[in-house]
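> Below are the structure tokens for one structure; questions will follow.
Bear in mind that the values in this text are calculations on the coordinates, not laboratory data. In this text, all values refer to a predicted model and were calculated from it rather than measured experimentally. All Cβ positions, glycine included, derive from the backbone under ideal geometry; neighbour counts span all protein chains shown.
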Amino acid sequence: MIKFPIGFPRGRRTRSLRVEIALGFGVVIVLMLALGASFYLSEQRSAAAIDKLLSSDNRMADLSLRSSLAMYKARDAENELLLSADRLGVAQASERSLPAMQNHLLDMREYLASLRILSTDPKFRDQVDRIETQTRQYEDGFLAFIARHGKEGLPESADALRQGYLATAVAIESSVEALHTEATKRALQTRSDVERAARFSRWAVIALVALAILLSAAAATVVSRRITGSIARLVAFSGRVAAGDFSARTPQGHADEFGILASAMNQMAESIENSNALLESSADTLKHQATHDPLTGLPNRALLEDRLRQAISYADRYGRLMTVVFINLDGFKRINDSLGRKGGDELLKVMAERMARCLRSVDTVVRTGGDEFVIILYDQPGDGTDIAPALRKLLETIAQPARIGSQAVQLTGSMGVATYPADGADADALLVNADAAMSHAKASGRNNFEFYAAEMSGAIRDELALREGLRHALARSEFHLAYQPQLDMESGRVTGVEALIRWQHPERGLVSPAQFIPLAEETGLIVPIGEWVLRTACFQNKAWQDAGLPPFIVSVNVSARQFRERTLIAQVALALRDSGLEPRLLELELTESLVMEDLDKALQSMKALRAMGVQLSIDDFGTGYSSLSALKRFPIARLKIDQSFVRDIPGDEEDKAIAKTIIALGHELNLKVIAEGVETEQQLEFLRAHGCDEMQGYLFSRPVPPAELAALVRMRAGEAAASGQPEARARRVAGR
């Protein structure tokens with residue numbers, strides 16, 4: 001079946017250069033027949049040998065051209081698959097386009113196999129073998145890329161595969177082009193040899209027939225002009241492409257071999273142009289991703305440094321001021337824990353959009369990470385304090401309520417302001433000092449802004465020192481646990497203890513958990529610290545049981561960061577196994593906001609822990625956003641009333657109503673209810689009167705060391721055993 005090249009109409013009959021050469025020499029042969037039968041027969045045999053040689057070389061050129069065309073079609077199928085993958089999905093796109101691509105590659109291999117058979121040149125065969133190997137690598141690389149395309153968590157691996165097979169494709173195209181060029185040169189060389197032989201024959205005949213010489217010369221001139229003109233056009237075209245002009249195209253001319261070659265080379269140039277455009281587009285995308293926050297679309301920390309340098313350079317050149325505003329969203333962590341990560345991300349996008357609307361087009365807002373933003377205000381007049389109205393407007397904009405899904409939330413911002421050159425001579429100093437001013441604004445009540453002052457740097461240095469000390473505290477054994485007892489309301493017995501971590505700093509003394517726990521969560525150190533607390537509490541409770549104390553539960557708080565660790569269940573199992581503690585004597589306290597962040601995953605982890613025999617409780621109940629439908633699915637044993645609802649009992653009617661509601665809800669769900677933060681007899685009596693099962697607070701005991709806790713447990717067990725009236729035993733709780 002004849003295949004018509006692109007650019008030539010099917011209805012037009014084509015005549016190759018070989019046919020034209022044969023016609024020209026045919027005239028000469030007819031004239032020379034009159035010279036004698038012997039000369040005619042000899043000429044016929046020579047013509048047959050020449051045709052066979054020409055056929056072989058031209059066949060090789062044709063096969064190399066077909067290989068090139070098959071590769072271009074395969075690349076077209078590849079591009080069609082990639083373009084439709086985002087719209088239809090990888091599976092459907094592959095079903096539509098992948099078979100066509102593989103068929104084109106199979107055709108290409110068949111053409112190459114034929115070339116290997118025809119060629120007698122070892123170097124030419126080696127070149128064919130390399131192209132076949134590259135073709136397999138290209139196909140395998142593309143299939144591997146398609147298998148990973150669009151899957152989460154593998155963007156960097158997919159990009160590497162894509163770059164690999166694209167590089168192989170470019171190498172194949174270059175090799176096929178070189179192969180075709182070599183085959184074409186061989187064919188042309190053969191033709192040239194034929195022409196020389198023909199000219200020799202014509203010079204021999206010219207001695208006999210002048211007319212034959214003239215006709216032969218005329219035929220040779222026509223053919224030479226056709227070949228030379230076509231080659232000149234192709235050489236000029238190749239030079240333009242080699243110089244980088246991928247939009248260049250060559251005229252296709254006649255529908256002969258050179259026309260087919262011109263059409264193929266035009267397709268090659270078009271393919272290169274498309275690939276180059278795709279690479280430039282990919283480079284722009286990668287550059288944007290490297291310099292912008294993927295969540296909000298704002299510039300990121302990498303671009304921040306460049307913008308700061310530009311602003312400082314502008315200020316120096318024109319004698320103006322430049323201001324850096326460091327912003328932290330107050331209470332974002334609490335809202336993020338309540339709404340979950342998706343809700344927190346939506347809130348960050350809302351805040352980013354609001355900040356951008358408040359700025360001029362020349363100013364820049366940057367998200368540096370988490371809930372922190374930096375604003376660069378260009379070209380500020382005066383001493384830098386004139387921006388106070390703009391900062392107040394920004395605070396008011398941030399504080400406006402935002403609706404995330406069905407939940408209306410509101411947060412505020414704390415801002416620190418540093419002005420160039422008064423508050424820092426370079427970008428790093430400005431950022432550090434603006435951060436220090438922001439910390440001072442947050443410590444001063446939040447929802448305000450502070451201009452940097454030199455004394456603020458001391459607070460930042462203290463925090464950095466605290467962070468550094470925290471990194472080494474675990475290795476230096478600076479942590480210890482204190483235990484606060486939990487009492488049964490009726491019997492007065494100690495039913496459990498809560499393990500509370502303390503940090504004995506070698507220079508600062510006892511550091512409050514309120515200071516170092518947020519730092520541990522921010523730096524990720526909460527995970528190893530939490531594991532240490534878990535193991536230490538298990539070993540301590542086992543030691544108490546071995547010492548003859550009545551069995552009671554030890555409660556360990558689990559942070560959100562620790563609960564998300566995939567190794568948590570294995571850590572709990574290892575701590576129980578190494579310590580020998582019965583699982584029923586360990587309780588993990590989870591906050592409702594932690595569980596609600598990813599309810600399905602949390603339920604899986606909770607069920608796995610309950611299957612081990614570990615007790616679970618909900619800490620700080622009432623401060624989150626858990627629904628009753630979710631609460632009834634929790635495999636928990638206790639609800640813990642947050643101390644914020646106990647603190648103002650019995651004076652606050654709302655707190656009393658909330659406490660009674662939680663107690664009633666817990667009992668309806670067959671859960672025990674424990675109140676924390678009980679400090680007065682009035683609180684105790686109110687809770688006992690409304691059926692609260694257990695209590696914990698300073699009214700009975702502060703958190704104490706293990707030895708003191710053991711003494712308290714023995715004392716309470718003895719008093720409870722000596723008394724026969726549960727009412728009297730409960731009343732004596734208040735006396736402690």
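> Explain nothing, just compute: Karplus ³J(HN,Hα) = 6.51 cos²θ - 1.76 cosθ + 1.60, θ = phi - 60°, for every residue of region 467-484 in order, whole Hz, x for Gly and Pro.
Those phi angles translate into 4, 5, x, 5, 5, 10, 5, 5, 5, 8, 6, 8, 8, 8, 10, 10, 10, 9 Hz.
> Hey, another quick one. What's the exposure ranking of M612, M60, going from fewest to most Cβ atoms within 10 Å? Walk me through the intermediate numbers first.
Details: M612 13, M60 25.
Neighbour counts put them in this order, fewest first: M612, M60.
> Here is a further query. Taking the Cβ of F621 as the center, what net charge do the other residues with Cβ under 11 Å away carry, scoring Lys and Arg +1 and Asp and Glu -1?
Result for the local shell: -4.
> How large is the translational diffusion coefficient of region 486-734 in µm² per second when you combine the Kirkwood radius over alpha carbon pairs with Stokes-Einstein at 10 °C and 1.306 mPa s?
Result for D is 84 µm²/s.
> Among V614, V128, V170, V497, what is the fewest-to-most ranking by other Cβ atoms within 10 Å?
V170, V614, V128, V497
> Further question on the same structure: Apply the Karplus curve 6.51 cos²θ - 1.76 cosθ + 1.60, θ = phi - 60°, to the phi angles in region 665-674 and return the couplings in whole Hz, x for Gly and Pro.
Listing the rounded values in order: 5, x, 5, 5, 8, 6, 10, 7, 10, 10 Hz.
> Moving on. Search the structure for amide H atoms under 5 Å from the amide H of H505, placed 1.01 Å from N in the peptide plane, and list their residues when 5 or more places away or on another chain.
Under 5 Å from the amide H of H505 lie the amide H atoms of L510, V511, each far enough along the sequence or on another chain.
> Rounded to the nearest 20 debye, what is the charge dipole size of region 285-431 about its Cα centre when +1 sits on each Lys and Arg Cβ and -1 on each Asp and Glu Cβ?
For this selection, approximately 520 debye.
> Sort T536, T120 by Cβ crowding within 10 Å, fewest neighbours at the top.
Arranged by neighbour count, lowest to highest, T536, T120 become T120, T536.
> If you wrap region 103-154's Cα atoms in a convex hull and average its projection over all directions, what's the area in nm²?
Directional mean of the projected Cα hull area for region 103-154 stands at 4.1 nm².
> Additional query: What GluC sites (Glu not before Pro) in region 364-469 are in a loop by DSSP, with at most 10 other Cβ atoms within 10 Å of the Cβ?
Here the GluC sites (Glu not before Pro) that fit, given the DSSP loop and packing criteria, are E455.
> Suppose R0 equals 45 Å; then what is the FRET efficiency for L214 and E80 from their Cβ-Cβ distance, rounded to the nearest 0.05? Working shown, then result.
On the way: r = 56 Å, r/R0 = 1.25.
So the FRET efficiency works out to roughly 0.20.
> Here's something else I'd like to know. Between N274 and W532, what FRET efficiency comes out of the Förster formula 1/(1 + (r/R0)^6) with R0 = 51 Å and r the beta carbon distance, rounded to 0.05? Kindly include the intermediate steps, with their values, before the conclusion.
Details: r = 59 Å, r/R0 = 1.15.
That gives a FRET efficiency of 0.30.
> Continuing with the same structure: 5 Å is the cut-off here: which amide hydrogens, built 1.01 Å from N in the peptide plane, fall below it relative to Y420, excluding neighbours closer than 5 in sequence?
Hits under the 5 Å cutoff: M322, T323, V324.
> Show me 76-83, 652-659 ranked by packing, highest mean number of other Cβ atoms within 10 Å first.
Working: 76-83: 18.2, 652-659: 15.6.
In decreasing order of mean packing, 76-83, 652-659 become 76-83, 652-659.
> Tell me, in nm to one decimal, what length is gained between H288 and V170 on full extension, where the rule is 0.36 nm per residue of separation less the Cα-Cα distance?
Taking 0.36 nm per residue and subtracting the Cα distance, the gain is 39.9 nm.
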